[in-house]
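One structure is given below, encoded as structure tokens.
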Amino acid sequence: MIARVHPARPTRRFGPGLAARGSAVRLAVLILLALLVPASVAEAQADPARAGRYDNGKMWTFDVPPVDYLRETYGFAPDAAWFERARLGALRIPGCSASLVSARGLVMTNHHCGREATTSVTKPGENFLDNGFYARTQAEERRAEEMYAEQLIAIVDVSEEVDAAAAAAGNPDAAAEAREAKHEEIRERIAAQHGGEAMGTVVEIVSLYQGAKTSAYVFRRYDDVRLVMTPELQLGYFGGDPDNFTYPRYALDMTFFRLYGEDGQPLSTPEHFRWAEKGVEAGDLVFVIGNPGSTSRLQTVAELEFRRDVQDVAVLRLLDSRIAVLEKFLEEHPDAPEEIRNELFSLLNSQKAYRGIVRGLRNPTIMARRADMERQVREAIAATPELSAQYGTLLDDMARLQQQKRQHAAEFNAFIAVGNAGFDGTVLVRGYYAAQYIGARMGGAPAEALAELREAILDVDEQPADLQELLVAARLRDIENAFGKDNPRASSVLNGRSPEVVAAAAVQQSVLSDSARTRQALDDGTLAMTDPAVQLARAVLTAFGPYQQAIQPIGRQEEDIARDIGRAHFAIWGTAVPPDATFSLRIADGVVGGYEYNGTVAPPYTTMYGLFDRHFSHKSKDWALPDVWLRAAGTLNLATPMNFVSTADIIGGNSGSPVLDRDLRVVGLIFDGNIESLPGDYIHMEESARAVAVDARAMIEALRKVYNADRLVQELTGAPAAAPRR
């Protein structure tokens, strides 16, 4: 399953760039690039080390729809009304994408995107993850309190006023503050124009091309979201971790919710996507409309090499360590809360994704293609005096910073993701905040500042004490392994003791290991620096301090250079190449088709025959079908397509995106990419990367014949459902 994401923080932007200075520079650059960039995938395949025209991706924005590109590529020329329908039918939910699929607010997304909501509506004695859920009547639909859905209702280009505010500010720090102030002003103004909070209006400032373009995205947020149907985890995550990021696949990774209005009735949604009467075939054009989370396709070769050698391998070590912790805890506590199992699934997903990312970074052909793209950028900049004057040293400056960061490789391993309770343990994270709180209180900080720190302490999620011990010990082991047991920075934290002994003392002797005791200590004013968890947190923060002081200035310089690199790319290509993903709505085109892999050929789609073959061939829990499926086997048309693949450009955040045909009818539901797609963070390789989708035909077949979901089938298709009864 492709990873869920969270909205990216707004990117800081540089002042007005060269892109706004007329067409002469752009024309000269485009003439040069016509000689540099291959015109097709076929040319890129003929010379694998040469950059492809769309190596930076095909995640098109709705404010600059790819009308000419679609006409030239497919002979298909949708009008403005088509793009508006596509935009209004799509939704964004926490960390994922979704879509409207009926006139009564029915929402389609992935099982793994709705998993937390499914857990939250489960009552004592119920287990919807293992057994699935279907509301046979509207009254049985269950509200998921933390779930919401956002519909993009307008896009406003605010580049000029944001750039003007930054330019008027002068120095970079003042410019950053001016941009943020202008962003807030724009959010308030545009929200008011669209009815404000009373209408559920949310305005987000979206920075594209690293700040070369800025838009205000106006959303209508719906907070009453109710669970309608979700299959068993065994189907939603069929094949488990072994099949994750692979193809051929046989997963039914789907879930349905419904939006309700303030009157407590299903929301009227005429802008929904209709269900296709027929499915897709090899060669068909399809569109994926969703919210890809984040890509790094403008990163330089030096940045990618640093990720390959230091940063991303450090992430992998972290994931390996914490997965081992959770697996050990769940083995010892089989009745642990479902949230912990969900967290393990998430980490396993990230682990497999990062393995693919690192594998791609070690692939000479991929790195050669990125180097070729960088060569083209250098030549385009050097060919034009204005570009050369403004951007001539950018790539070398970024390379210099990466060399500086390499000097802190040990610290990357010791402190990566420090301060996250899922990696450090609740007691230690509360200790970080508590150390600041106690210090601020002793220093006479104002009540407002103390209240903010107190809230931060109380907001840290609760964890079982045994899990806290394992997580704290894992962080201390990170520090010991990175520096060496006898290094002063490690010994200052451990004081000659093992990570396990130190962790046990912190958890067992600190009030911060329990939320009720934490609150009581804050209320009584008894929380002190002598608390064992606070003492440990202070020791970790002291060891972390020198690294933080060294790396922060480098990070700020990186951000500034990255903005200018984005502006350079925009000055060269403009909107002819889409921007990096920002968890904002995009439309990606693709063609249904198999591909060569592992010495054989993957088919365009799999069938339910394969689903049952996996069950009977593997005889393993990862591929075991629930009894409800085995009982229904005789009624199913096993030739029904189960999953299919296309060349559409996706990334984490696209989970739950609808796959649509030319008429914007639902033919599938994105839930994953193949192994070959994992380098998509930094390069789009259309010849091998594939987006994996649940076939709409499998969804209907399962709803009719396995789940007897007559009401849902009729709503989706508009036709009566003749579901056989078990």
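The values are calculated or read from the model by the stated rules, or taken from the named source; none is laboratory data. All figures in this text were calculated on a predicted structure; none of them were measured in a lab. Cβ coordinates were reconstructed from backbone atoms using ideal geometry, including for glycine residues, and neighbour counts include every protein chain displayed. These area figures cover heavy atoms from the full protein model, side chains too; ligands, DNA and RNA do not enter into them. Shrake-Rupley method; radii C 1.70, N 1.55, O 1.52, S 1.80 Å.
The table below gives the values:
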quantity	calculated
Distance from segment 310-337 to segment 346-402 (C-alpha centre basis), Å	31 Å
Added length on full extension, which subtracts the Cα-Cα distance from 0.36 nm per residue, GLU262 to ASP613	121.6 nm
Part-to-part distance (alpha-carbon centres) for segment 522-566 and segment 79-105, which is given in Å	41 Å
Segments 167-178, 279-290, 309-320 sorted - mean Cβ within 10 Å per residue, highest first	279-290, 309-320, 167-178
Ranked by how many other beta carbons lie within 10 Å on average, peptides 433-439, 621-627 from highest	433-439, 621-627
Alpha-carbon centroids, segment 404-469 and segment 205-232: separation in whole Å	29 Å
Of all accessible heavy-atom area on segment 535-605, the percent that carbon and sulfur account for (1.4 Å)	50 percent
Rounded percent of accessible protein surface that carbon and sulfur make up, segment 141-292, 1.4 Å probe	46 percent
Per residue value of the accessible surface for segment 181-256 (all protein chains in place, 1.4 Å probe), Å²	29 Å²
Kirkwood hydrodynamic radius of segment 232-344, from inverse mean 1/r over distinct Cα pairs, in Å	19.7 Å
Among 153-166, 473-486, 543-556, 628-641, the order from most to least packed when residues are scored by Cβ within 10 Å on average	473-486, 153-166, 628-641, 543-556
Dipole moment magnitude, nearest 20 debye, the chain about Cα centre, only Lys, Arg, Asp, Glu C-beta charged	860 debye
All-pairs Cα distance distribution in segment 159-306, expressed in whole percent, bin size 5 Å	2, 6, 9, 11, 13, 14, 13, 12, 10, 7, 3, 1
Antiparallel bridges, percent of DSSP beta bridges restricted to the chain (to nearest 5)	95 percent
Alpha-carbon Rg/Rh ratio, for segment 370-439, with Rh computed the Kirkwood way	1.31
Label-point separation in nm, GLU452 to ALA383, each point 7 Å along Cα→Cβ	5.0 nm
Over the chain: Kirkwood hydrodynamic radius from C-alpha pairwise inverse distances, Å	27.4 Å
Positive-end residue of GLY89, HIS684, VAL645, charge dipole of the chain with Cβ unit charges	VAL645
Cross-link reach list, aspartates and glutamates versus LYS123, counting only Cα pairs under 14 Å and skipping chain neighbours closer than eight places	GLU140, GLU141, GLU145, GLU338
Contact order relative to length of the chain, as percent, for alpha carbon pairs under 8 angstrom and 6 or more apart	24 percent
